[in-house]
Amino acid sequence: AKSQGKNRAVFYSERFDRVLSLQMAMETELRKAIERDEFVLHYQPQVDAASRKLVGVEALIRWQKQPGVMVSPAEFIPLAEETGLIVPIGEWVIRTACRQAKRWMDAGAPEFHMSVNLSPRQFSEANFVEVVSSVLDETGLPPDRLVLEITEGIAIQDVRETVEKLVALKRIGVLVSMDDFGTGYSSLAYLTLYQVDALKIAQTFISGVSADSDRASIVKAILAMASSLRLTVIAEGVETEEQYLFLKNHGCDWIQGYYFHKPLSAEEVSLLFAEAAA
Ligand code: C2E
Ligand code: CA
Ligand code: CA
(Lines give C-alpha, C1' and ligand atoms only; values in the text may rest on other atoms or scores of the structure.)
(Ligands and ions follow the chains in the order given, each with its own letter.)
Protein backbone atom coordinates (compact mmCIF):
# COMPACT_ATOMS: atom_id res chain seq x y z
CA ALA A 1 0.00 0.00 0.00
CA LYS A 2 2.92 2.27 0.79
CA SER A 3 4.49 1.99 -2.63
CA GLN A 4 1.10 2.53 -4.25
CA GLY A 5 0.79 5.84 -2.42
CA LYS A 6 4.22 6.85 -3.65
CA ASN A 7 3.32 5.97 -7.23
CA ARG A 8 0.23 8.00 -7.00
CA ALA A 9 2.22 11.00 -5.79
CA VAL A 10 4.61 10.66 -8.73
CA PHE A 11 1.67 10.40 -11.09
CA TYR A 12 0.06 13.56 -9.73
CA SER A 13 3.26 15.55 -9.82
CA GLU A 14 3.92 14.53 -13.42
CA ARG A 15 0.47 15.53 -14.39
CA PHE A 16 0.88 18.82 -12.55
CA ASP A 17 4.15 19.46 -14.42
CA ARG A 18 2.46 18.74 -17.70
CA VAL A 19 -0.33 21.20 -16.96
CA LEU A 20 2.22 23.82 -15.92
CA SER A 21 4.35 23.41 -19.02
CA LEU A 22 1.28 23.54 -21.24
CA GLN A 23 0.34 26.76 -19.51
CA MET A 24 3.84 28.17 -19.99
CA ALA A 25 3.82 27.22 -23.65
CA MET A 26 0.49 28.93 -24.05
CA GLU A 27 1.76 32.02 -22.27
CA THR A 28 4.73 32.22 -24.65
CA GLU A 29 2.42 31.85 -27.63
CA LEU A 30 0.08 34.46 -26.22
CA ARG A 31 2.96 36.91 -25.81
CA LYS A 32 3.86 36.55 -29.46
CA ALA A 33 0.28 36.65 -30.68
CA ILE A 34 0.01 40.44 -30.60
CA GLU A 35 3.19 41.01 -32.65
CA ARG A 36 2.14 38.33 -35.08
CA ASP A 37 -1.27 39.92 -35.42
CA GLU A 38 -3.08 36.70 -34.56
CA PHE A 39 -6.05 38.22 -32.75
CA VAL A 40 -9.27 39.04 -34.54
CA LEU A 41 -12.45 40.64 -33.39
CA HIS A 42 -15.82 39.27 -34.25
CA TYR A 43 -18.88 41.40 -33.68
CA GLN A 44 -22.21 40.18 -32.42
CA PRO A 45 -25.15 42.37 -33.45
CA GLN A 46 -27.64 43.68 -30.90
CA VAL A 47 -31.13 44.50 -32.11
CA ASP A 48 -33.89 46.71 -30.79
CA ALA A 49 -36.51 44.40 -29.28
CA ALA A 50 -39.49 46.24 -30.72
CA SER A 51 -38.24 47.13 -34.22
CA ARG A 52 -35.66 44.34 -34.66
CA LYS A 53 -33.31 46.98 -36.05
CA LEU A 54 -29.56 46.76 -35.54
CA VAL A 55 -28.61 49.08 -32.64
CA GLY A 56 -25.15 47.92 -31.74
CA VAL A 57 -22.48 45.27 -31.80
CA GLU A 58 -20.34 43.66 -29.11
CA ALA A 59 -16.70 43.07 -29.97
CA LEU A 60 -15.61 39.52 -29.07
CA ILE A 61 -11.97 38.50 -29.37
CA ARG A 62 -10.74 35.31 -31.04
CA TRP A 63 -7.24 33.99 -31.40
CA GLN A 64 -6.35 32.68 -34.82
CA LYS A 65 -3.46 30.55 -33.60
CA GLN A 66 -2.82 28.76 -36.86
CA PRO A 67 -4.75 28.78 -40.10
CA GLY A 68 -8.05 27.11 -39.33
CA VAL A 69 -7.46 27.03 -35.56
CA MET A 70 -9.59 29.56 -33.69
CA VAL A 71 -9.10 29.67 -29.94
CA SER A 72 -12.07 30.93 -27.95
CA PRO A 73 -11.61 33.70 -25.39
CA ALA A 74 -12.78 31.37 -22.61
CA GLU A 75 -9.55 29.44 -23.20
CA PHE A 76 -7.04 32.30 -23.07
CA ILE A 77 -8.60 35.34 -21.35
CA PRO A 78 -8.17 33.79 -17.87
CA LEU A 79 -4.45 33.16 -18.52
CA ALA A 80 -4.07 36.60 -20.07
CA GLU A 81 -5.68 38.07 -16.99
CA GLU A 82 -3.45 36.09 -14.64
CA THR A 83 -0.23 37.04 -16.44
CA GLY A 84 -1.14 40.67 -17.11
CA LEU A 85 -1.04 40.11 -20.86
CA ILE A 86 -4.66 41.22 -20.87
CA VAL A 87 -3.41 44.80 -20.59
CA PRO A 88 -1.82 45.02 -24.07
CA ILE A 89 -4.42 42.64 -25.52
CA GLY A 90 -7.24 44.71 -24.07
CA GLU A 91 -5.76 47.90 -25.47
CA TRP A 92 -5.53 46.26 -28.88
CA VAL A 93 -9.22 45.31 -28.56
CA ILE A 94 -10.35 48.85 -27.72
CA ARG A 95 -8.29 50.39 -30.51
CA THR A 96 -9.38 47.84 -33.13
CA ALA A 97 -13.05 48.07 -32.14
CA CYS A 98 -13.08 51.89 -32.18
CA ARG A 99 -11.29 52.02 -35.51
CA GLN A 100 -13.77 49.56 -37.02
CA ALA A 101 -16.74 51.45 -35.59
CA LYS A 102 -15.50 54.70 -37.12
CA ARG A 103 -15.05 52.94 -40.45
CA TRP A 104 -18.67 51.75 -40.36
CA MET A 105 -19.85 55.26 -39.43
CA ASP A 106 -17.91 56.77 -42.31
CA ALA A 107 -19.42 54.17 -44.65
CA GLY A 108 -22.89 55.45 -43.72
CA ALA A 109 -24.06 52.90 -41.15
CA PRO A 110 -27.20 53.94 -39.25
CA GLU A 111 -26.57 54.94 -35.62
CA PHE A 112 -25.12 52.12 -33.53
CA HIS A 113 -23.01 51.48 -30.43
CA MET A 114 -19.78 49.54 -30.14
CA SER A 115 -19.49 47.50 -26.92
CA VAL A 116 -16.13 46.33 -25.65
CA ASN A 117 -15.45 43.91 -22.78
CA LEU A 118 -13.10 45.05 -20.03
CA SER A 119 -11.25 42.75 -17.72
CA PRO A 120 -10.72 43.76 -14.08
CA ARG A 121 -6.94 43.82 -14.48
CA GLN A 122 -7.16 46.13 -17.48
CA PHE A 123 -9.52 48.49 -15.72
CA SER A 124 -7.26 48.66 -12.66
CA GLU A 125 -4.29 49.98 -14.69
CA ALA A 126 -3.46 53.51 -13.55
CA ASN A 127 -3.59 54.92 -17.09
CA PHE A 128 -6.76 53.14 -18.22
CA VAL A 129 -8.84 56.31 -18.65
CA GLU A 130 -6.05 57.96 -20.66
CA VAL A 131 -5.82 54.92 -22.91
CA VAL A 132 -9.53 55.14 -23.71
CA SER A 133 -9.42 58.85 -24.31
CA SER A 134 -6.36 58.67 -26.56
CA VAL A 135 -7.89 55.84 -28.61
CA LEU A 136 -11.01 57.96 -29.11
CA ASP A 137 -8.89 60.94 -30.21
CA GLU A 138 -6.78 58.82 -32.48
CA THR A 139 -9.68 57.04 -34.19
CA GLY A 140 -12.16 59.94 -34.22
CA LEU A 141 -14.97 57.79 -32.82
CA PRO A 142 -17.50 59.95 -30.92
CA PRO A 143 -17.28 58.89 -27.24
CA ASP A 144 -21.00 58.25 -26.87
CA ARG A 145 -20.74 55.46 -29.44
CA LEU A 146 -18.47 53.45 -27.18
CA VAL A 147 -19.91 51.22 -24.44
CA LEU A 148 -17.52 49.68 -21.92
CA GLU A 149 -18.83 46.42 -20.47
CA ILE A 150 -17.72 45.97 -16.90
CA THR A 151 -18.40 43.03 -14.63
CA GLU A 152 -18.97 42.78 -10.94
CA GLY A 153 -15.37 41.56 -10.75
CA ILE A 154 -14.32 45.12 -11.49
CA ALA A 155 -16.88 46.39 -9.07
CA ILE A 156 -15.51 44.57 -6.05
CA GLN A 157 -12.00 45.97 -6.40
CA ASP A 158 -11.12 49.23 -4.69
CA VAL A 159 -14.51 50.91 -4.71
CA ARG A 160 -13.32 54.49 -4.50
CA GLU A 161 -10.83 54.05 -7.32
CA THR A 162 -13.48 52.34 -9.45
CA VAL A 163 -15.93 55.18 -8.89
CA GLU A 164 -13.29 57.79 -9.75
CA LYS A 165 -12.44 56.05 -13.00
CA LEU A 166 -16.06 55.61 -13.98
CA VAL A 167 -16.74 59.29 -13.27
CA ALA A 168 -13.75 60.22 -15.45
CA LEU A 169 -15.03 57.97 -18.25
CA LYS A 170 -18.49 59.55 -17.99
CA ARG A 171 -16.89 62.97 -18.23
CA ILE A 172 -15.31 61.88 -21.51
CA GLY A 173 -18.77 60.79 -22.64
CA VAL A 174 -18.30 57.03 -22.81
CA LEU A 175 -21.19 54.74 -21.78
CA VAL A 176 -20.86 51.95 -19.24
CA SER A 177 -22.77 48.71 -19.09
CA MET A 178 -22.87 46.05 -16.34
CA ASP A 179 -22.23 42.68 -17.97
CA ASP A 180 -23.54 39.31 -16.73
CA PHE A 181 -25.93 41.09 -14.39
CA GLY A 182 -27.33 38.92 -11.63
CA THR A 183 -24.48 36.44 -11.38
CA GLY A 184 -22.33 38.27 -8.80
CA TYR A 185 -22.98 39.91 -5.48
CA SER A 186 -24.42 43.24 -4.45
CA SER A 187 -25.44 43.98 -8.00
CA LEU A 188 -28.13 46.45 -7.03
CA ALA A 189 -25.92 48.63 -4.87
CA TYR A 190 -23.27 48.84 -7.58
CA LEU A 191 -25.74 49.83 -10.29
CA THR A 192 -26.49 53.14 -8.62
CA LEU A 193 -23.05 53.65 -7.09
CA TYR A 194 -21.37 53.25 -10.47
CA GLN A 195 -24.15 55.03 -12.36
CA VAL A 196 -24.10 52.55 -15.20
CA ASP A 197 -26.09 53.36 -18.34
CA ALA A 198 -27.11 49.83 -19.18
CA LEU A 199 -27.17 46.33 -17.83
CA LYS A 200 -26.97 42.99 -19.57
CA ILE A 201 -29.03 40.19 -18.13
CA ALA A 202 -26.84 37.10 -17.86
CA GLN A 203 -27.53 34.25 -20.21
CA THR A 204 -28.27 31.83 -17.35
CA PHE A 205 -31.48 33.73 -16.59
CA ILE A 206 -32.49 34.06 -20.22
CA SER A 207 -32.12 30.37 -21.00
CA GLY A 208 -34.72 29.54 -18.36
CA VAL A 209 -37.37 32.20 -18.94
CA SER A 210 -39.86 30.03 -20.72
CA ALA A 211 -39.40 26.79 -18.77
CA ASP A 212 -38.52 27.96 -15.27
CA SER A 213 -40.96 30.27 -13.55
CA ASP A 214 -38.43 31.39 -10.94
CA ARG A 215 -36.07 32.63 -13.59
CA ALA A 216 -38.94 34.28 -15.43
CA SER A 217 -39.78 36.14 -12.21
CA ILE A 218 -36.17 37.24 -11.77
CA VAL A 219 -36.03 38.57 -15.32
CA LYS A 220 -39.31 40.43 -14.88
CA ALA A 221 -38.01 41.94 -11.64
CA ILE A 222 -34.75 43.04 -13.29
CA LEU A 223 -36.67 44.62 -16.16
CA ALA A 224 -39.00 46.49 -13.80
CA MET A 225 -36.12 47.74 -11.68
CA ALA A 226 -34.06 48.79 -14.69
CA SER A 227 -36.98 50.69 -16.09
CA SER A 228 -37.47 52.65 -12.88
CA LEU A 229 -33.74 53.43 -12.82
CA ARG A 230 -33.98 54.41 -16.52
CA LEU A 231 -31.34 51.93 -17.55
CA THR A 232 -31.15 50.33 -20.95
CA VAL A 233 -31.53 46.56 -20.61
CA ILE A 234 -29.88 44.12 -22.97
CA ALA A 235 -30.71 40.43 -22.84
CA GLU A 236 -27.91 38.19 -24.01
CA GLY A 237 -27.91 34.59 -25.11
CA VAL A 238 -31.40 34.83 -26.62
CA GLU A 239 -31.78 31.68 -28.68
CA THR A 240 -35.50 31.13 -29.21
CA GLU A 241 -38.54 33.03 -30.40
CA GLU A 242 -40.23 32.25 -27.09
CA GLN A 243 -37.41 33.92 -25.15
CA TYR A 244 -37.43 36.90 -27.51
CA LEU A 245 -41.20 37.42 -27.20
CA PHE A 246 -41.10 37.12 -23.42
CA LEU A 247 -38.37 39.76 -23.23
CA LYS A 248 -40.02 42.10 -25.69
CA ASN A 249 -43.36 41.83 -23.89
CA HIS A 250 -41.77 42.66 -20.56
CA GLY A 251 -40.00 45.76 -21.78
CA CYS A 252 -36.48 44.58 -22.56
CA ASP A 253 -34.79 47.19 -24.79
CA TRP A 254 -32.19 45.30 -26.78
CA ILE A 255 -31.65 41.68 -27.70
CA GLN A 256 -28.39 39.86 -28.38
CA GLY A 257 -28.21 36.18 -29.19
CA TYR A 258 -28.15 33.41 -31.75
CA TYR A 259 -31.87 33.85 -32.38
CA PHE A 260 -30.97 37.01 -34.32
CA HIS A 261 -27.25 36.81 -35.03
CA LYS A 262 -24.15 34.87 -34.05
CA PRO A 263 -20.89 36.79 -33.66
CA LEU A 264 -19.92 37.82 -37.22
CA SER A 265 -16.77 38.91 -39.01
CA ALA A 266 -16.32 42.63 -39.71
CA GLU A 267 -17.11 41.98 -43.40
CA GLU A 268 -20.40 40.30 -42.53
CA VAL A 269 -21.40 43.18 -40.27
CA SER A 270 -20.52 45.63 -43.06
CA LEU A 271 -23.09 43.86 -45.24
CA LEU A 272 -25.73 44.12 -42.51
CA PHE A 273 -25.09 47.85 -42.13
CA ALA A 274 -25.21 48.31 -45.89
CA GLU A 275 -28.60 46.55 -46.02
CA ALA A 276 -29.87 48.64 -43.09
CA ALA A 277 -28.77 51.86 -44.77
CA ALA A 278 -30.27 50.98 -48.15
P1 C2E B 1 -19.57 37.64 -22.66
O2 C2E B 1 -19.06 39.04 -22.58
O3 C2E B 1 -20.68 37.29 -21.74
O4 C2E B 1 -19.97 37.43 -24.18
C5 C2E B 1 -21.07 36.68 -24.61
C6 C2E B 1 -20.67 35.28 -25.02
O7 C2E B 1 -21.86 34.55 -25.32
C8 C2E B 1 -19.84 35.23 -26.30
O9 C2E B 1 -18.96 34.12 -26.19
C10 C2E B 1 -20.89 34.97 -27.37
O11 C2E B 1 -20.37 34.37 -28.52
C12 C2E B 1 -21.82 34.03 -26.62
N13 C2E B 1 -23.19 34.06 -27.15
C14 C2E B 1 -23.82 35.07 -27.76
N15 C2E B 1 -25.09 34.77 -28.07
C16 C2E B 1 -25.28 33.49 -27.65
C17 C2E B 1 -26.41 32.60 -27.67
O18 C2E B 1 -27.49 32.91 -28.15
N19 C2E B 1 -26.23 31.38 -27.11
C20 C2E B 1 -25.05 31.00 -26.56
N21 C2E B 1 -24.97 29.78 -26.04
N22 C2E B 1 -23.95 31.82 -26.52
C23 C2E B 1 -24.08 33.05 -27.05
P24 C2E B 1 -17.42 34.24 -26.57
O25 C2E B 1 -17.24 35.11 -27.76
O26 C2E B 1 -16.86 32.87 -26.59
O27 C2E B 1 -16.82 35.04 -25.34
C28 C2E B 1 -16.79 34.47 -24.06
C29 C2E B 1 -16.36 35.46 -23.03
O30 C2E B 1 -14.99 35.87 -23.21
C31 C2E B 1 -17.15 36.77 -23.06
O32 C2E B 1 -18.37 36.58 -22.39
C33 C2E B 1 -16.20 37.70 -22.33
O34 C2E B 1 -16.32 37.54 -20.93
C35 C2E B 1 -14.85 37.20 -22.76
N36 C2E B 1 -14.34 38.05 -23.84
C37 C2E B 1 -14.59 38.01 -25.16
N38 C2E B 1 -13.92 38.98 -25.81
C39 C2E B 1 -13.24 39.66 -24.86
C40 C2E B 1 -12.35 40.79 -24.90
O41 C2E B 1 -12.07 41.42 -25.94
N42 C2E B 1 -11.82 41.20 -23.70
C43 C2E B 1 -12.13 40.56 -22.52
N44 C2E B 1 -11.58 41.02 -21.39
N45 C2E B 1 -12.95 39.51 -22.46
C46 C2E B 1 -13.51 39.07 -23.62
CA1 CA C 1 -19.83 41.03 -22.65
CA1 CA D 1 -22.11 38.66 -20.77
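The values are calculated or read from the model by the stated rules, or taken from the named source; none is laboratory data. Keep in mind the model is a prediction, meaning the values are calculated, not measured. Neighbour counts run over all protein chains shown; Cβ positions are idealised from the backbone, glycine included. In case anyone asks, the SASA skips ligands and DNA or RNA and just uses the protein heavy atoms, side chains included. Shrake-Rupley method; radii C 1.70, N 1.55, O 1.52, S 1.80 Å.
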Exercise. T139 fails exactly one of the following numbered conditions: (1) at pLDDT 95 or above; (2) within 16 Å of ligand 1 (Cβ to nearest atom). What is the number of that condition?
Worked result: (2)
Problem set entry | Top-ranked residue in the stretch 38-52 [being near ligand 1 (Cβ under 9 Å from one of its atoms) and either within 15 Å of the chain's Cα centre (by Cα) or assigned to a loop (DSSP other than H, G, I, E, B) (or both); ranked as nearest to Y244 (Cα to Cα)] | Q44
Exercise. Does the stretch 111-120 contain at least one residue that is under 27 Å from V19 (Cβ atoms), open to solvent by 50 Å² or more (accessible area, probe 1.4 Å) and either among the aliphatic types (A, V, I, L, M) or within 16 Å of ligand 3 (Cβ to nearest atom) (or both)?
Worked result: yes
Problem set entry | Residue list for the stretch 186-217, restricted to those being assigned to a helix (DSSP H, G or I) and open to solvent by 70 Å² or more (accessible area, probe 1.4 Å) | L188, T192, L193, Q203, T204, S213, D214, R215
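One line per residue, one yes/no per condition, for (1) within 24 Å of M225 (Cα to Cα); (2) among the hydrophobic types (A, V, I, L, M, F, W, C); (3) under 18 Å from the mean Cα position of the chain (by Cα); (4) surrounded by fewer than 18 Cβ atoms within 10 Å (Cβ to Cβ):
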position	(1), (2), (3), (4)
R145	no, no, yes, no
I154	yes, yes, yes, no
E161	no, no, no, yes
L166	yes, yes, yes, no
R171	no, no, no, yes
L175	yes, yes, yes, no
D179	yes, no, yes, no
Seminar exercise, completed: Those residues of the stretch 19-50 which are open to solvent by less than 50 Å² (accessible area, probe 1.4 Å) and not aliphatic (A, V, I, L, M) amount to E27, E38, F39, H42, Y43, Q44, P45, Q46, D48
Problem set entry | Test: residue in the stretch 95-106 that is buried (at least 20 other Cβ atoms within 10 Å of the Cβ), touching a residue at least 60 places away in the same chain (Cβ under 8 Å), of a type in the set (F, W, Y) and touching a helix residue (DSSP H, G or I) at 6+ places or on another chain (Cβ under 9 Å) | yes
Exercise. Looking at (1) open to solvent by 70 Å² or more (accessible area, probe 1.4 Å); (2) away from ligand 2 (no atom under 16 Å from the Cβ); (3) modelled with pLDDT under 95; (4) in contact with a strand residue (DSSP E or B) (Cβ under 9 Å, 6 or more places away or on another chain), which is the only condition A278 fails?
Worked result: (4)
Exercise. Among the numbered criteria (1) buried (at least 18 other Cβ atoms within 10 Å of the Cβ); (2) within 15 Å of ligand 1 (Cβ to nearest atom), which single criterion is violated by P88?
Worked result: (1)
For this session: Note down all Cβ pairs under 8 Å where the first residue falls in the stretch 49-62 and is touching a residue at least 60 places away in the same chain (Cβ under 8 Å), the second is among the basic types (K, R) and outside any loop (DSSP other than H, G, I, E, B), and they're at least six residues apart or on different chains.
Result: A49/K248; A50/K248
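Yes or no, residue by residue, for (1) in contact (Cβ under 8 Å) with a residue 40 or more places away in the chain; (2) basic (K, R); (3) assigned to a helix (DSSP H, G or I); (4) under 30 Å from F205 (Cβ atoms):
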| site | (1), (2), (3), (4) |
| --- | --- |
| W92 | yes, no, yes, no |
| M114 | yes, no, no, yes |
| E130 | no, no, yes, no |
| A168 | no, no, yes, no |
| R171 | no, yes, yes, no |
